[in-house]
């Protein structure tokens, strides 16, 4: 019998996503260097860093768009190896993309219904024959998608096509699409980009409301959002984790200040 | 259902649309009734024309789903028809089976070939995919002469007329069979487009990365679309075999594939109704140009070329005046009429965009 502590460690309430010593190099250029951190379900984790720090690469590695040269990604105790980007959603990991990535040929609610793919069960044959099973599932998915739009406050745009809608509304539809299947972890790539400060505050409230329901990992360079909403923050610089901790700890860390504002004059000359 | 009882007529119709199968079958029955009256009242020659329209419409409808909904192009759709026609024709030649069996065999063989051709399609876009399917169209012309013993070379396979039940003219009987096939095809494709798969195909077409983020396997969807379109063309080929009475390589030239593509573009890519406009154009425009040119010249070489020229001109005119095809133009007009009443139902009409410029969408977002 394992001791209770060990049992809790296996439990998914502990680290559900583990990035373990991940290194990514393109040619000779090392973009991520032994990056390790973990995201627990129910918490909002932020990955920040100055431009070129490797934030998006972290996102792409977790998504499977980029394969790490070494290191592991572990999801709920299982290593994600050779996973294809589309398989992630079926493992309970949803994503929103940089930009919005809505489907131009589908209405808002249909876009959200695409996000419900991981919970859709209709087979090709039922689809071709239009069996009641297929139609019934369509109705359920539509109702569920409308609820997701409702939660984001954009249900009134359900039947409209995304191209005609304001950018912040499009972003909310994209978030609704990521949430609709009830994922255990949502990865968001720069959710605040292109939003006004008022909209960012609203986004922060949404992220806070997701806490406890699912894990959230945001890759972001908007400090206001990250500081206000994240439980923990991982700071990257030149592909290395230079700090990690609560927002207050990270803010107080001189290495972070240095990475963002540059080294002070004395230390620069001392280093030279 | 109990809710529908309280709804006024128009709303009840909407309720029926929530049951795609019931809705599509209702439309199919109405169409069958109308077409029964039409086929019974027109001449036997016109019944032959109706059969021709039906098999064209079937092939174009499948191509329209492939190109309009899933965003892939096939320059070799005639090859899938050839497979269906040869499959059905050989079965009819060698075995005495109810008509439905050879037709289904033709569909099955074409579907399998479609899935096989769809595999490279998962890695190819635009002009490259067009190239592969073009090669297919050319192969369809050459294989029957290469394997002469099986396919009887250039002479081809003789297909006996479908034997009608007593009292029905063979021409009329064939028209009924073809129209039945066409109606079933339209119902199945309409169901498919209304299901999660129609949505998934559009998602993969418009944004590959976003579709993957939502858990869709784009390659699986592309292969599925190819298999479906090919199977549809297989049915078209089987009906063609019955219609023409002979299956030989000349029937499935590259020109047929191009014609199907032209019919789809004229009717409106992605629209099942548009497939009928396309089929009508493919059948009647040559007839009309023939009768016009025969007034001026009796040299057949000239008439044939003028026909091609007029057809090309028609495509250019349609693409300039109505980039979304006849059906896109008509439904656009309907929407313009309704615009005053409700703005929310407007949806942008997507012009045919085959993404000929880029070969892949992935690398842009994977940069470090």
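Since every read-out is calculated from the coordinates, none of them should be taken as a lab result. The shown structure was predicted, so the numbers you read here are calculated from the model rather than taken from an experiment. Positions of Cβ are generated from backbone atoms using ideal geometry, with glycine treated the same way; all protein chains shown enter the neighbour counts.
Structure above, values below:
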| read-out | value |
| --- | --- |
| Prolate/oblate/rounded label for segment B:218-337 (Cα gyration tensor, a/c 1.5) | oblate |
| Contact order relative to length of segment B:20-252, as percent, for alpha carbon pairs under 8 angstrom and 6 or more apart | 42 |
| Chain A: angle of helix A:132-151 to the longest principal axis, Cα-based, in degrees nearest 10 | 50 |
| Most to least packed among A:174-185, B:69-80 [average Cβ atoms within 10 Å] | B:69-80, A:174-185 |
| Relative contact order of chain A, defined on C-alpha pairs under 8 angstrom at six or more residues apart (%) | 26 |
| Shielding by partners, peptide A:63-71 (average Cβ within 10 angstrom, other chains) | 2 |
| Helix-derived mean residue ellipticity, 222 nm - over chain B, DSSP H n ≥ 4, -39500 (n - 2.57), to 500 | -24500 deg cm²/dmol |
| For chain A, calculated [θ]222 nm from helices alone, where every DSSP H run of n ≥ 4 adds -39500 (n - 2.57) | -11500 deg cm²/dmol |
| Expected-Rg normalisation [2.2 N^0.38 Å, Cα atoms] applied to segment A:121-202 | 1.32 |
| Share antiparallel - DSSP beta bridges, chain A, percent rounded to 5 | 55 |
| Order by protection proxy (mean Cβ within 10 Å, highest first), peptides B:154-164, B:57-67 | B:57-67, B:154-164 |
| 10 Å Cβ neighbours from other chains, averaged over peptide B:198-206 | 6 |
| Average projection area in nm² (convex hull over Cα atoms of segment A:102-157, one quarter of hull surface) | 4.1 |
| For segment A:210-259 versus segment A:118-135, the gap between their alpha-carbon centres in whole angstrom | 43 |
| Percentage of interatomic Cα-Cα distances in the protein assembly as shown larger than 36 Å | 48 |
| Cα shape, segment A:35-193, gyration tensor, a/c 1.5 rule | oblate |
| Within the protein assembly as shown, percent of DSSP bridges classed antiparallel, to nearest 5 | 55 |
| Protection proxy ranking of B:104-110, B:274-280, A:224-230, B:26-32 - average other beta-carbon atoms within 10 Å, highest first | B:274-280, B:104-110, A:224-230, B:26-32 |
| Per residue, the convex hull volume that the Cα atoms of segment B:169-218 enclose (Å³) | 69 |
| Radius, Kirkwood style, for segment A:157-272 when every pair of distinct Cα atoms is counted (Å) | 16.3 |
| Value of Rg/Rh across segment B:20-252 [Cα atoms, Kirkwood radius] | 1.00 |
| Separation between Cα centres of segment B:154-182 and segment B:127-146, rounded to whole Å | 29 |
| Shape call, segment B:17-117: gyration tensor on alpha carbons, a/c limit 1.5 | oblate |
| Average beta carbon contacts from partner chains per residue of A:105-111, 10 Å cutoff | 5 |
| For chain A, average projected area of the Cα convex hull in nm² | 18.7 |
| Mean shadow area of segment B:71-161, taken as a quarter of the surface of its Cα convex hull (nm²) | 6.3 |
